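Before any comments, here is the structure.
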Amino acid sequence: MPNIGQQKARITRLASNINDWKLDGNKAGVIASIRFVQHTYQCFSDWSKQDMKVFWTFIEKLHRYNWQDLLNTGGKHNKTGLAPTIIPRSKYPDCDFKAGLTEDVQLFELRIDHTKRVHGFRVDALFYICWLDKNHVICQ
C-alpha cells in the first residue's frame with residue numbers, strides 16, 4: 001500500500017493533467033473510452049484477474065501520454081512503449097459496427113504487453129477502444 005506521500009504525489013500528478021484533454025491537436029492528453037467495445041468479439045469476462053491488472057496499468061500509463069508522445073512510440077521499426085500501429089480494416093471481424101464506420105476513421109492497435117492489444121480509433125483527445133485482443137490474434 002502506498003504511503004501518504006506517494007498518494008499525495010499521485011493525486012498532484014493527476015490533478016496537474018486533469019485538463020490536458022482540452023489542449024489542441026496532438027498536445028491533448030489521451031483519454032481512453034470503452035463506449036464502443038465489441039463485447040461479442042471479446043469481453044473483459046474472458047480476461048483473468050491478472051490480465052485485468054495489466055489492462056488497468058496500461059490505462060493509467062496511457063492517460064499519462066499526450067497524443068504526440070504516444071504517436072512517437074509507433075512507427076514501422078524500433079517501436080517502443082504503447083506502439084500505435086495502423087491496422088487495415090480488413091483485419092477486423094465483420095460486424096455492423098465496423099460496417100458503420102466511415103472511411104476516414106483510421107483503426108489502430110495499442111500494445112498493452114507482449115501479447116495483449118486493444119484496437120480502436122481516435123476522435124480529438126479520445127481513444128475509443130473497440131476490440132480487445134488478449135492473445136494478439138487480430139493481426140495474425
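The values are calculated or read from the model by the stated rules, or taken from the named source; none is laboratory data. Owing to the predicted nature of the structure, the values given are computational and were not obtained by experimental measurement. Here the Cβ positions follow ideal geometry from the backbone for every residue, glycine too, while neighbour counts run over all protein chains shown.
So the values come out like this:
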| quantity | calculated |
| --- | --- |
| Matching residues in segment 45-92 - criterion: being among the aliphatic types (A, V, I, L, M) and either over 18 Å from residue 133 (Cα atoms) or touching a Gly at 6+ places or on another chain (Cβ under 9 Å) (or both) | 70, 71, 82, 83, 86 |
| Members of segment 4-53 that are of a type in the set (S, T, N, Q), exposed (fewer than 10 other Cβ atoms within 10 Å of the Cβ) and at pLDDT 90 or above | 40, 45, 48, 50 |
| Any chance residue 1 is surrounded by fewer than 13 Cβ atoms within 10 Å (Cβ to Cβ) and modelled with pLDDT under 75 | yes |
| Enumerated strands (runs of 3 or more DSSP E) restricted to segment 49-140, each holding at least 2 residues that are closer than 14 Å to residue 38 by Cβ | 117-123, 126-133 |
| Search result, residues across segment 76-110 that are at pLDDT below 95 and of a type in the set (Lys, Arg) | 76, 79 |
| Close pairs from segment 24-47: first assigned to a loop (DSSP other than H, G, I, E, B), partner of a type in the set (Asp, Glu), Cβ under 8 Å, at least 6 apart | 28/20; 28/124; 42/133 |
| Yes/no for residue 106 being more than 22 Å from residue 26 (Cα to Cα), of a type outside the set (A, V, I, L, M) and free of Cβ contacts under 8 Å to residues at least 60 places away in the same chain | no |
| Scan of segment 84-100 for residues that are over 24 Å from residue 48 (Cβ atoms) and surrounded by fewer than 16 Cβ atoms within 10 Å (Cβ to Cβ), ordered by number | 86, 88, 89, 90, 91, 94, 95, 96, 99, 100 |
| Selection within segment 111-135 - among the aliphatic types (A, V, I, L, M) and modelled with pLDDT under 95 | 125 |
| Residues of segment 109-140 classified as surrounded by 16 or more Cβ atoms within 10 Å (Cβ to Cβ) and within 21 Å of residue 51 (Cα to Cα), total | 18 |
